[in-house]
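The values are calculated or read from the model by the stated rules, or taken from the named source; none is laboratory data. None of these values were measured; they are calculated from a predicted model. Counting neighbours? That spans all protein chains shown, and the Cβs are built from the backbone with ideal geometry, glycine included. Surface accessibility is based on the protein's heavy atoms, side chains included, excluding ligands, DNA and RNA. Shrake-Rupley method; radii C 1.70, N 1.55, O 1.52, S 1.80 Å.
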Amino acid sequence: MTTLLDRFLHYVSFDTQSRPHARQVPSTDGQWQLARVLYDELIALGLEEVTLSEHCCVMATLPANIDRQAPVIGFISHIDTSPDFSGKHVSPQIVENYRGGDIALGIGEEILSPVMFPVLHQLTGHTLITTDGKTLLGADDKAGVAEIMTALARLAQGDIPHGKIRVAFTPDEEVGRGTEHFDVEAFGAEWAYTVDGSGLGEFQFENFNAASVTVKIVGNNVHPGTAKGVMVNALDLAMRFHAEIPATEKPQFTSGYEGFYHLNNIKGSVERAELSYIVRDFDRDSFEARKQKLIDIARRVGKGLNPDCYIDVTIEDSYYNMREIVEAHPHSIELALQAMRSCGVEPDVKPIRGGTDGAWLSFKGLPCPNIFTGGYNYHGKHEFASLNIMEKTVEVLVGIARLAAEKK
């Protein structure tokens, strides 16, 4: 019998790191390799309507084993890993019955320390899965994939009553294109859950409204010896622009429901400069006000420039707060919280200070809250997962399926 740990270790062996700015979906070939493996495994488990789309989205159906009518629900995870850190040749290490203190990663050049990551204090006695310090682990979101597959295997045994369940594994979530080609109508669920959270009990049905902002500045470069009254230094303008951003409204000073402006790239010369920001806020009105503020800053800083010199602001919305959609379907929230409590898990309802595929899917007509996976420190070499919490996630997914079967 394939265990949850076996599945997870197998899935993280695939290099599925996605690539930003790629034209094709999926952005990397490694995602195809894992998608084909999942396709075959779903067939082997006895699922029906197993498909693999031209854009690497795997879908399948676990048929109902009850006679009464029940809502069709879905479980969704993504197969890609972050482009922020290497996902090639992942070599996990297993720490059984963690007793506290530092964990040496690989040969010990890197450590996983509770001083830097205090959450480890809460995980004594757990079986932890870490990296060797050279790659990320891939728990984001292969923990979710393994948990869904394990829950399906248990439900497929037929001992637990459940209605029709749809599952999907998507590509390129980490580069914001995971649901670009997701066919909500073909998926056919009334609501679904992304399994893409973190710590025990974490449950999320609201996320940031998000936008990407590019500020292009055109100056005028001449020899500095004869620059008086002629030179327009684009770098000076860039610094003036950024200085207008409220100092305390940056990621390093915000938490909870506080939004922010984040400068994540700057480049340029005297002639031209470019600043790239991401803008985040949970409240839609505040979100719109933040975008307008950047436009207003550009006008102030650019006032009086020579017509050949200018500041141009381009804003592209990325995703919106799924709370607007999910709250209209309270059963999707109540059912998950009930399932957690029935498994002895106290729900930890909190906003996502980011986004998931669920945000996009909610606005495409599929309400889609997010459930914990047991993974921590995503996108880097200190990523790790608790096998104990992963097992709890499987229990919760099975519990959701059981409870959904009781609904009419």
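Using the Cα gyration tensor of segment 135-182, with a ≥ b ≥ c the square roots of its eigenvalues, what is the shape: rounded (a/c below 1.5), prolate (a/b larger than b/c) or oblate (neither)?
Details: a/c = 5.21, a/b = 1.68, b/c = 3.11.
Cα axes put segment 135-182 in the oblate bin.
Quote the FRET efficiency, to the nearest 0.05, computed for Glu48 versus His181 with a Förster distance R0 of 25 Å and r equal to the Cβ-Cβ distance.
Values: r = 22 Å, r/R0 = 0.88.
The calculated FRET efficiency here is 0.70.
Of all alpha-carbon pairs in the chain, indicate the percentage at a distance above 37 angstrom. Display every interim value, and only then the final one.
Details: 23996 of 83028 pairs.
For the chain, the share of Cα pairs beyond 37 Å comes to 29 percent.
Divide by every residue of the chain the summed helix terms, -39500 (n - 2.57) for each DSSP H run of at least 4, and state the resulting mean residue ellipticity at 222 nm, rounded to the nearest 500 deg cm²/dmol.
Working: 10 runs with 119 residues, N = 408.
Counting only the DSSP helices, I get -9000 deg cm²/dmol.
According to a simple spin-label model (label point 7 Å from Cα along Cα-to-Cβ), what is the distance in nm between Glu406 and Asp6?
About 3.2 nm separates the two model spin labels.
Distance from the Cα centre of segment 335-366 to that of segment 134-158, in angstrom?
Cα centroid to Cα centroid, the span is 17 Å.
Quick check: net charge around Glu48, other residues with Cβ under 12 Å of its Cβ, Lys/Arg +1 and Asp/Glu -1?
On the way: positive: Lys164, Arg166; negative: Glu49.
Summing Lys/Arg as +1 and Asp/Glu as -1 gives +1.
Could you list, in their original order, any pairs among Lys350/Lys407; Lys164/Lys364; Lys291/Lys364; Lys250/Lys291 whose Cα atoms are separated by more than 18 Å? Could you put the intermediate results ahead of the total?
On the way: Lys350/Lys407 26 Å; Lys164/Lys364 21 Å; Lys291/Lys364 24 Å; Lys250/Lys291 14 Å.
The answer is Lys350/Lys407; Lys164/Lys364; Lys291/Lys364.
Excluding Glu395 itself, what net charge comes from residues whose Cβ is under 13 Å from its Cβ, given Lys and Arg +1 and Asp and Glu -1? Provide the component values of the computation, followed by the final result.
Values: positive: Arg154, Arg341, Lys392, Arg402; negative: Glu147, Glu391.
Overall, the nearby charge balance is +2.
At Gln157 and Lys293, where each label point lies 7 Å from the Cα along Cα→Cβ, what is the point-to-point distance in nanometres?
In this crude label model, Gln157 to Lys293 measures out at 5.4 nm.
From the square roots a ≥ b ≥ c of the eigenvalues of the alpha-carbon gyration tensor of segment 1-136, which class results: rounded (a/c under 1.5), prolate (a/b over b/c), or oblate?
Working: a/c = 2.48, a/b = 1.49, b/c = 1.67.
Verdict is oblate for segment 1-136.
When Lys and Arg each count +1 and Asp and Glu each count -1, what net charge do the other residues less than 9 Å away from Glu147, Cβ to Cβ, add up to?
On the way: positive: Arg7; negative: Glu391.
Its environment carries a net charge of 0.
Calculate what fraction, in whole %, of the accessible area of the chain sits on carbon and sulfur atoms when a 1.4 Å probe is rolled over the protein chains.
Numbers: 8860 of 18130 Å².
Answer for the chain: carbon and sulfur cover 49 percent of the accessible area.
Would you list which aspartates and glutamates come within 13 Å of Lys381, measuring only between C-alpha atoms, while excluding same-chain residues fewer than 8 positions from it?
Output for Lys381: Asp84, Glu109, Glu110, Asp132, Asp140.
For Lys228, go through the lysines and keep the ones whose alpha-carbon is under 21 Å away, minus same-chain ones fewer than eight residues off.
Lys303
Using 11 Å as the cut-off for backbone N distance, which residues of segment 139-154 belong to the label zone defined by a point 7 Å from the Cα of Val119 along Cα→Cβ?
140
Please find the FRET efficiency linking Gln33 to Asn220, where r is the Cβ-Cβ separation and R0 is fixed at 56 Å, and quote it to the nearest 0.05. Can you show the working numbers first?
On the way: r = 51 Å, r/R0 = 0.92.
Computed FRET efficiency for Gln33 and Asn220: 0.65.
Classify segment 209-319: rounded, prolate or oblate, from the alpha-carbon gyration tensor (a ≥ b ≥ c, eigenvalue square roots; a/c under 1.5 rounded; otherwise prolate if a/b is larger than b/c)?
Working: a/c = 2.65, a/b = 2.31, b/c = 1.15.
Prolate is the answer for segment 209-319, as a/c is 1.5 or above and a/b outweighs b/c.
With a probe of 1.4 Å, find how much accessible area segment 319-364 has per residue, and write the answer as a whole number in Å².
For segment 319-364, the solvent-accessible area averages 45 Å² per residue.
Could you give the accessible area per residue of segment 42-113, probe 1.4 Å, as a whole number in Å²? Don't skip to the answer; put the middle values down first.
Working: 3600 Å² over 72 residues.
Accessible area per residue: 50 Å².
Each label point is 7 Å from the Cα along the Cα-to-Cβ direction; what then is the distance between the points at Ala247 and Leu305, in nm?
Distance between label points: 2.6 nm.
I'd like the distance separating the alpha-carbon centroids of segment 242-265 and segment 371-408, in whole Å.
Comparing the Cα centres of segment 242-265 and segment 371-408, I get a distance of 31 Å.
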